[in-house]
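The values are calculated or read from the model by the stated rules, or taken from the named source; none is laboratory data. It should be emphasised that the depicted structure is a prediction, and the values quoted were computed from it without experimental measurement. FYI the Cβ positions are ideal-geometry reconstructions off the backbone, even for glycines, and counts take in every protein chain you see.
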Amino acid sequence: MSADPITGAAILDQIALSGIEFIVSVPDITTSAGLLWPIVEDQRFRLIRVCKEDEGVSICAAMSMAEKRALLLIQYTGLLDSINALRSAGCEYKMPVCVMAGLLAKEPGVPPTQSKSFGVRIVEPILDAMQIPHALMEDAGDERNIRPAIDAAYARSYPTALLIGRQM
Amino acid sequence: MSAAPSSNAMRRDLSFKILARHIRDQIIVPVYQAAQEWHGIAPDHALTYYSIGAMGQASSCALGLALARPDKRVVVLDGDGSLLMNLGTLVTIANQKPANLLHFVCQNGEYEANGGHPIPGRDQVDFAAMARAAGYRRADTIATLDDFEAKIAGLLVEAGPVFVALKLVAGPPPSQDYGFIHGAPTRAAFKAALRQS
């Protein structure tokens with residue numbers, strides 16, 4: 001029996017409870033309807049639309065210096081494109097950058113490393129190589145991992161990645 | 001009309017010395033060689049956020065600071081090669097309309113830290129026109145120290161986002177202190193200074 005899918009509303013509630021004020025985003029069809037469009041109307045957040053994902057890495061990192069929490073909402077392809085910014089600001093300078101990335105075309109119920117999509121398969125190994133903790137958000141209840149992950153990122157001052165495993 | 005006298009030529013070190021005389025509690029975000037230059041000229045300005053490590057990101061870092069601390073004026077000392085790596089930032093910044101952001105680009109036409117190779121389009125690129133077209137509130141180009149001296153006080157209080165391309169001529173290379181600029185204590189000092197400011 002397959003699990004119920006995670007919902008956008010449940011994710012947004014946990015993001016808000018984590019103290020996130022700013023959502024920095026490039027649109028992703030995986031999370032467009034379930035997260036980004038609702039965020040546009042959600043008074044708990046301020047949405048910053050950026051042209052390219054590495055801008056968002058820098059914005060989130062810099063905001064942490066002012067003790068403001070931000071979340072970068074992007075597609076995994078944008079995560080791959082932002083590796084250098086994440087390497088620098090997040091891993092080497094040890095600044096908290098919380099990334100929520102949609103795994104476009106990942107098959108529900110299939111672990112990312114076993115996806116038919118090459119791009120999806122390499123995401124977790126790359127994060128592991130960068131020692132960036134990651135968690136998969138796919139089924140109802142997975143949202144319970146959001147707040148601990150974000151709190152840990154700011155406590156440890158290091159990036160974290162929350163991977164959205166199905167289109168919502 | 002004769003060329004500008006050499007004493008009025010827009011050297012980065014001389015222009016930063018003018019800037020330093022006007023800086024009080026503004027946040028400065030310098031990039032790469034501008035960061036080395038600024039560190040040599042204003043080593044005690046704790047509200048300096050050195051934007052290095054990933055080229056092109058200075059203005060994005062500055063936007064994050066400007067949005068998180070709207071009570072603080074943020075001054076970016078960008079590079080032309082750096083800005084070319086992140087041109088979308090002009091549109092992102094213009095769209096956010098941070099009134100507290102002043103964006104300088106040090107236009108020397110070369111990748112100074114990487115062998116002095118020319119930037120693409122060095123003889124025709126017009127950064128101020130790009131910023132204007134992206135939607136900055138105002139954009140300008142300054143090519144002499146006299147003009148910079150005359151305008152800097154006004155620029156530091158003008159509602160932004162404002163963009164200014166500084167057309168530079170070569171000056172002495174700045175001393176290099178990567179240990180300080182890359183160091184964790186420098187970032188910790190900035191964060192502490194920002195908290196108290």
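Some points to look at:
- Within region B:118-129, the set of residues being exposed (fewer than 13 other Cβ atoms within 10 Å of the Cβ) and either among the acidic types (D, E) or assigned to a strand (DSSP E or B) (or both) comprises B:P118, B:D123.
- Residue pairs meeting the criteria (Cβ under 8 Å; at least 6 apart or on separate chains; first touching a residue at least 24 places away in the same chain (Cβ under 8 Å), in region A:143-168; second among the acidic types (D, E)): A:E143/A:D13; A:L163/A:E124; A:I164/A:E138; A:G165/A:E138; A:R166/A:E138
- Condition met for B:I27 (more than 20 Å from B:A170 (Cβ to Cβ) and touching a residue at least 60 places away in the same chain (Cβ under 8 Å)): yes
- Residues of region B:164-197 that turn out to be small (G, A, S), in contact with a helix residue (DSSP H, G or I) (Cβ under 7 Å, 6 or more places away or on another chain) and within 30 Å of B:R138 (Cα to Cα), as a count: 2
- Among the helices (runs of 4 or more DSSP H) confined to region B:1-117, the ones with at least 2 residues that are within 26 Å of A:R69 (Cβ to Cβ) and in contact with an Asp or Glu (Cβ under 8 Å, 6 or more places away or on another chain) are located at B:58-68, B:88-96.
- Residue in region B:2-23 that is under 18 Å from A:C60 (Cβ atoms), crowded, with 23+ Cβ neighbours inside 10 Å and of a type outside the set (V, I, T) present: no
- Filter pass, B:A153 being within 16 Å of the chain's Cα centre (by Cα), in a helix (DSSP H, G or I) and either touching a residue at least 60 places away in the same chain (Cβ under 8 Å) or within 14 Å of chain A (Cβ to nearest Cβ) (or both): yes
- Filtered by the rule that a residue be within 12 Å of chain A (Cβ to nearest Cβ) and at positive phi, region B:52-111 gives B:G53, B:G56, B:K97.
- Flag for A:D42 being closer than 17 Å to A:L104 by Cβ, modelled with pLDDT of 95 or more and away from every other protein chain (no Cβ under 13 Å): no
- Every test in (1) touching a residue at least 24 places away in the same chain (Cβ under 8 Å); (2) loosely packed, with under 15 Cβ neighbours inside 10 Å; (3) outside any loop (DSSP other than H, G, I, E, B); (4) β-branched (V, I, T) is passed by A:I29 save one, and that test is (3).
- Of the strands (runs of 3 or more DSSP E) lying entirely inside region A:36-129, those carrying at least 1 residues that are in contact (Cβ under 8 Å) with a residue 24 or more places away in the chain and among the charged types (D, E, K, R) are A:46-49, A:69-75.
- Residue pairs meeting the criteria (Cβ under 6 Å; at least 6 apart or on separate chains; first free of Cβ contacts under 8 Å to residues at least 12 places away in the same chain, in region B:62-90; second of a type in the set (D, E, K, R) and part of a loop (DSSP other than H, G, I, E, B)): B:A68/A:K68; B:G88/A:K52
- Here B:F148, B:F190, B:F127 are screened, and the one residue that is in contact (Cβ under 8 Å) with a residue 40 or more places away in the chain and within 18 Å of B:Y50 (Cβ to Cβ) is B:F190.
- Number of positions in region A:48-93 that are of a type in the set (V, I, T), closer than 26 Å to B:L47 by Cβ and more than 12 Å from the chain's Cα centre (by Cα): 3
- Of all residues in region A:47-62, those being facing chain B (nearest Cβ under 7 Å), crowded, with 24+ Cβ neighbours inside 10 Å and among the β-branched types (V, I, T) number 2.
- Here the condition is being more than 16 Å from B:I28 (Cβ to Cβ) and surrounded by 18 or more Cβ atoms within 10 Å (Cβ to Cβ); of B:L168, B:L194, it holds for B:L168 alone.
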